[in-house]
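The values are calculated or read from the model by the stated rules, or taken from the named source; none is laboratory data. The structure presented is a predicted model; accordingly, all values stated were derived computationally and were not measured. Counting neighbours? That spans all protein chains shown, and the Cβs are built from the backbone with ideal geometry, glycine included. What goes into the accessible areas is simple: the full protein's heavy atoms, side chains included, and nothing from ligands, DNA or RNA. Shrake-Rupley method; radii C 1.70, N 1.55, O 1.52, S 1.80 Å.
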Amino acid sequence: MPSYCEVALPVPLDRTFTYALRDDQQVERGARVIVPFRNEKLIGIVTAVTSVAPQDFEARLIEAVLDDEPLLSDHLLTLAEWLAQYYLAPLGEVLRGMLPLMAEVRRVVCYSITDLGRDSLAARLDGDGTRTQRKVPEDRQDIELRVLERLAEGEPVRVSTLRTATSASLPILASMVRKKWIARETKAFERDARRVERFAVLVTEARLPRLTEKQQAILAELAACEGEMALSELRAKGLPHSTLQTLVRHGLVRIEERAAAFRLGGLDSAKEPERLNPSQLDALASIAGSLGAFHAYLLHGVTGSGKTAVYLAAMRRALDQGRTSILLVPEIGLTPQMAGLLDSAFGSRVAVLHSALTPEERTEQWRRIHRGEAPIVVGTRSAIFAPLPNLGLICVDEEHDQSYKQEETPRYNARDVAVMRGKLANAVVVLGSATPSLETWQNAVQGKYQRIAINERVNNRPLPQVELVDMRREFQETGQDQLFSRALVEETRATLERGEQALILLNRRGYSFAVICRACGEKLECQNCAISLTHHKPTVDELGLARAGQRLECHYCGYKRTVPQRCPKCESEHLYYLGAGSQQGEERLSEIFPGARIGRMDRDTVRGRHDLERLLARLHSGEINLLVGTQMIAKGHDIHGITLVGVVGCDHALSMPDFRAAERVFQLMTQVSGRAGRGELPGRVIVQTYYPDHYAILAATKHDYASFVERELKYRRWMHYPPFGALANVLIQSEKLEEAARWSTELGKWFQKGVPEGVRILGPCTAPIARIKGVYRFHLIVKSSSRKAISAVLRAALAHAEKTGIPLRNLTIDVDAQRLM
């Protein structure tokens, strides 16, 4: 039997670690184990088993084997190895992202006293146990003494228990660890992650004694609900828990624990499946005919063409053949309608995976998938790793969306991982979009993907007419700098008077996005980030209760401060609030249309998936007839009552230092325009812009993707940007400016000397956002027509950084970067 195994751990080291098995332990490749690593206990994944002992060191023993059988199949492990290789990410961190099962393991931080700590304790106490005088502050000395005395009693103590007993703060404990008076270690234990719900059940055969009024009320509630009710519902009715316990002691009621039900969520969509039109049927025939082998399709359909109906029909075909399916959406919280459609079509056979779930819910859903109970999986980017057996179909909705790119290690793009997983699993991959990314479009042009076009809307509804409003001319004619143009105000008023709904995109959060002093020019910035603070006015919830007060807020680190009355630099009273966000847009619309039922959709009003469901339900029912919001309103919503869409301030992104700026503006304008006219009535779109002659805006007004792509690809080809080359962003970060600058200079010099022909380096230079969360940032951009060349150069750069003492944790390499900020 093998007695050693290689384990991938979630640490920033690009290697596996060898551990020894005890005589009574067995493990297979793909299973989880708990192992000691330095002073901690970590969960790792076994990548290989062997009987050959390591030659140059003695392997430490595995603490515990968590799984009798592998949790990850061979093709998922192969996918993880490819992902680690391609994105230059440690294999252990990749595998950690594939297994959202942290709820099954409880990690506890403990402290114990060291020999130096015992010596320090003895030095602080006289023979009679009284304290000696030290030069440290009395309060800190007392706390340190209490910590040492508590730990000297024996066994290691949990951090929560220790802090409660001694009033020690985490910085004090960290200081004592640095002095080597105490030692910190992490222990890991298995725990039951099953979610349970407690029910009160009426015992019908019990004899009834004399009952109080409250006891009778509980029994009446139980009897009215067929003899049982969840304890949470009883509490919601105001029935005392102590009274219930009395009934349990008398044998009149018993308490049962049952597996908690999981609600998929979403809007009610209980209706018959849509009948597909000829174009949809052709698309379905191509996809369904390829099931059982790898094939990649680009489903290019205009907004409102019924791509979702094609996904669902293809998933039914796969299910009929005994195959499983994955549907990826950019943000599950923004598409409750999709969740409702899946719930209606497949019911309990659907599992959902996304970050808004609790750890217990994620564990439960993952286990259902692994057991084969849910052959249909819907979720955000991490759902691409769902452990489905016999995978037959992967659909990536809105494949162009940059939300599919993870902004932390491993920095993968779920769209590209979907294609690779399809290859490994012999599954069909469908990339759907009305505005495909240029990389996907070029792959279709080159024949790597097969393009399926749907050029008309469902029921032959017309695409909305788009009108451009030149805001430069608007200012010249009115002499006023207005947020909403005359044309948009008039059309909105007419739409509301007809009893229809309108939607206005204002793609900035908050009230004003900058505060500047008119006297000295000082701009109020975040203390942690090199970014302007956004002004937010007080907000209230649906019940009229205060949700947040007036503040200045950083949208990168979350720093908040009060709104000053005077300039912090020159004490001037003349502070100028620049620009308008969605909150100000809502206020202005309330003034212009006092009778309108206005709603707002942005990150300030939508904190969780339930907030969005409530808001969209109000919109679908007609309770809201005018919605204003950020780009959240542009994604995936199918509201048939909306006939007017206004686009305000969308073109500011064209001035951003990003080669993808024009593509993003075109995609956003096209997507939000597609919200209009999805019902029986035709739609209309009014676009306010300061760049009426820009090719991206002109193409979007004509719904002309082909002309935009032709123009944009010329620029990309001239500049050797994707899709005509590969690109990686190398970010150097440090809390010390001098350190970050020195490291970036060192790497820059190495790149200029060590890169082969065909690889181009831009930089190093200060990143567009020079500081985030107190960390200074410099970056380099690596470009080449060869992905292999870029990968080789980046690996050599990492080796050089390690050799010259640049900490790898301070380097971030983003392959196929979507953001260069």
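The figures follow:
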item: The listed residue being within 30 Å of A444 (Cα to Cα) and among the acidic types (D, E), out of E373, E331; result: E331
item: Residue in the range 783-791 that is loosely packed, with under 14 Cβ neighbours inside 10 Å and free of Cβ contacts under 8 Å to residues at least 60 places away in the same chain present; result: yes
item: Pairs with Cβ under 8 Å, 6+ apart, first in the range 749-777 and free of Cβ contacts under 8 Å to residues at least 12 places away in the same chain, second of a type in the set (A, V, I, L, M) and open to solvent by less than 60 Å² (accessible area, probe 1.4 Å); result: Q752/I761
item: Within the range 221-242, tally of residues that are closer than 14 Å to L252 by Cβ, among the hydrophobic types (A, V, I, L, M, F, W, C) and open to solvent by 60 Å² or more (accessible area, probe 1.4 Å); result: 1
item: Within the range 729-745, considering residues that are assigned to a helix (DSSP H, G or I) and open to solvent by 70 Å² or more (accessible area, probe 1.4 Å), the one nearest to A799 (Cα to Cα); result: R742
item: Qualifying residue in the range 598-606 (condition: closer than 30 Å to L357 by Cα and at pLDDT below 85); result: yes
item: The lone exception for S744 - which of (1) free of Cβ contacts under 8 Å to residues at least 40 places away in the same chain; (2) small (G, A, S); (3) farther than 20 Å from R819 by Cβ it fails; result: (3)
item: Candidates D397, D416, D401 - the one that is open to solvent by less than 30 Å² (accessible area, probe 1.4 Å) and within 23 Å of A84 (Cα to Cα); result: D401
item: Any hit, the range 348-366, residues being within 19 Å of the chain's Cα centre (by Cα) and under 22 Å from D816 (Cβ atoms); result: yes
item: Residue list for the range 548-582, restricted to those being in contact with a Cys (Cβ under 7 Å, 6 or more places away or on another chain) and either among the hydroxyl-bearing types (S, T, Y) or under 11 Å from H535 (Cα atoms) (or both); result: C554, Y556, Y559, S572
item: Criterion: under 30 Å from T643 (Cβ atoms), free of Cβ contacts under 8 Å to residues at least 60 places away in the same chain, among the aliphatic types (A, V, I, L, M) and surrounded by fewer than 18 Cβ atoms within 10 Å (Cβ to Cβ) - qualifying residue of L312, L281; result: L281
item: Options F778, F751: the member that is of a type outside the set (A, V, I, L, M) and at pLDDT 95 or above; result: F778
item: Restricting the range 103-129 to residues that are surrounded by 15 or more Cβ atoms within 10 Å (Cβ to Cβ) and assigned to a helix (DSSP H, G or I), the residue that is modelled with the highest pLDDT; result: G117
item: Hey, H800 of a type outside the set (S, T, Y), touching a residue at least 12 places away in the same chain (Cβ under 8 Å) and part of a helix (DSSP H, G or I) or not; result: yes
